[in-house]
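Only one structure is covered here, and it is reproduced in the block below.
Throughout, read-outs are computed from the coordinates displayed, never taken from laboratory work. On a predicted model such as this, the values are computed, not experimentally measured, just so you know. No Cβ is skipped: glycine too gets one built from the backbone with ideal geometry, and neighbour counts run over all protein chains shown.
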Ligand code: PGA
C-alpha cells in the first residue's frame with residue numbers, strides 16, 4: 001500500500017486529479033470507478049478545471065459509480081445520480097452512454113421491508129452491473145472515500161470481504177453522517193443502498209482511497225495499520241496489489257509509522 005500524506009484537502013484533491021490525469025494520458029479510454037460524498041468533490045472540481053482550461057479529454061473515458069441510495073428518484077437532489085451529474089458529468093465531455101450509476105429504483109424500501117423482494121430482478125440487475133464492468137475490461141482506477149465506520153462504497157461493517165454488488169442496509173452512524181445533505185434530518189436519509197461489493201472493488205486494477213479531516217483519522221489508522229477485518233471493510237485494501245491512500249494531515253494524525261509526504 002502506498003500512503004501519501006499531504007497538507008490539506010486541496011492538496012489531496014489536486015494530487016488525486018494529477019494521478020488520474022497521468023493515467024488518462026497513457027490510456028484515454030480509462031475505466032474510472034467513482035465515489036460520491038464530500039471527499040471527492042475537490043478532485044472532481046480539479047478534473048473539471050483540467051478539462052476546461054487544459055483540454056483534458058473525457059470523450060473515451062468510461063465510469064462506474066460505487067453505489068446509490070434506494071428510495072430516491074433519480075432526479076432527487078441527493079440521489080447519487082444527481083450528485084454525479086451536478087458535480088462532474090455535466091461539466092466534462094463524457095458521453096452519457098459511458099456513464100454507469102447503480103439504479104436505486106429497481107427496488108423500493110417498502111418491498112425490502114415487506115419481505116416481498118423481487119429477488120430475481122435484483123440479482124439480474126446486480127449481475128448486469130458487474131458484467132458491464134467486465135465488458136469494459138474492468139475498472140482501471142477506483143476512487144474511494146471512507147466512512148467513519150470503515151465502509152467503502154456502502155459496504156458497512158460486517159460486509160463479506162468477498163461480497164459482490166447487492167443491497168445493503170445503512171448503519172445509523174452513516175445515516176447520521178449523511179443527514180447533513182438531508183436538512184440535518186436522519187429520518188430523511190434512505191435506509192438502504194445498492195452498492196458494489198468489497199470483492200467487486202478489490203478487482204479494480206488500482207485503488208485510490210482519499211480521506212480528509214480528523215473525523216476520518218481512526219478509520220484511516222485501522223485501514224493502514226490495523227488488522228484486516230470485516231469490522232472495518234476498508235482494511236481489505238491491505239491485500240490489494242496497488243492501493244494508493246492519499247490523506248491530509250488531520251486524517252493521518254493517528255498513524256503510528258512514517259509515510260511518504262507530498
Ligand atoms: P464523505 O463520505 O466523503 O462525505 O465523508 C465518505 C463515505 O461515506 O464513503
Fewest-first ranking of 248, 57, 177, using other Cβ atoms within 10 Å as the exposure measure: 57, 177, 248
Cα-projected label distance for residue 136 with residue 87, points at 7 Å along beta-carbon direction, nm: 1.8
Three-way shape label, the stretch 85-129, alpha-carbon gyration tensor, a/c 1.5: oblate
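Quick one: length gained pulling residue 22 to residue 180 fully straight, 0.36 nm per residue minus the C-alpha distance? Present the calculation step by step, with values, prior to reporting the outcome.
On the way: separation 158, 0.36 × 158 = 56.88 nm, distance 3.40 nm.
Stretched fully, the residue 22-residue 180 segment lengthens by 53.5 nm.
Using a 10 Å cut-off around each Cβ, can you sort 192, 81 from fewest to most neighbouring Cβ atoms? Write out the running numbers ahead of the final one.
Numbers: 192 20, 81 24.
Ordered from fewest to most neighbouring Cβ atoms within 10 Å, 192, 81 come out as 192, 81.
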Distance in nm between pseudo-label sites at residue 52 and residue 75 (7 Å out along the Cβ direction from Cα): 2.6
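Can you put 82, 59, 38 in order, fewest other beta carbons within 10 Å first? Walk me through the numbers on the way to the answer.
Numbers: 82 17, 59 11, 38 14.
Sorted ascending by nearby Cβ count, the order is 59, 38, 82.
Count the DSSP beta bridges whose two residues both fall in the chain, then state the antiparallel fraction as a percent rounded to the nearest 5. Could you put the intermediate results ahead of the total?
Working: 10 of 34 bridges.
Here the share of antiparallel DSSP bridges comes out near 30 percent.
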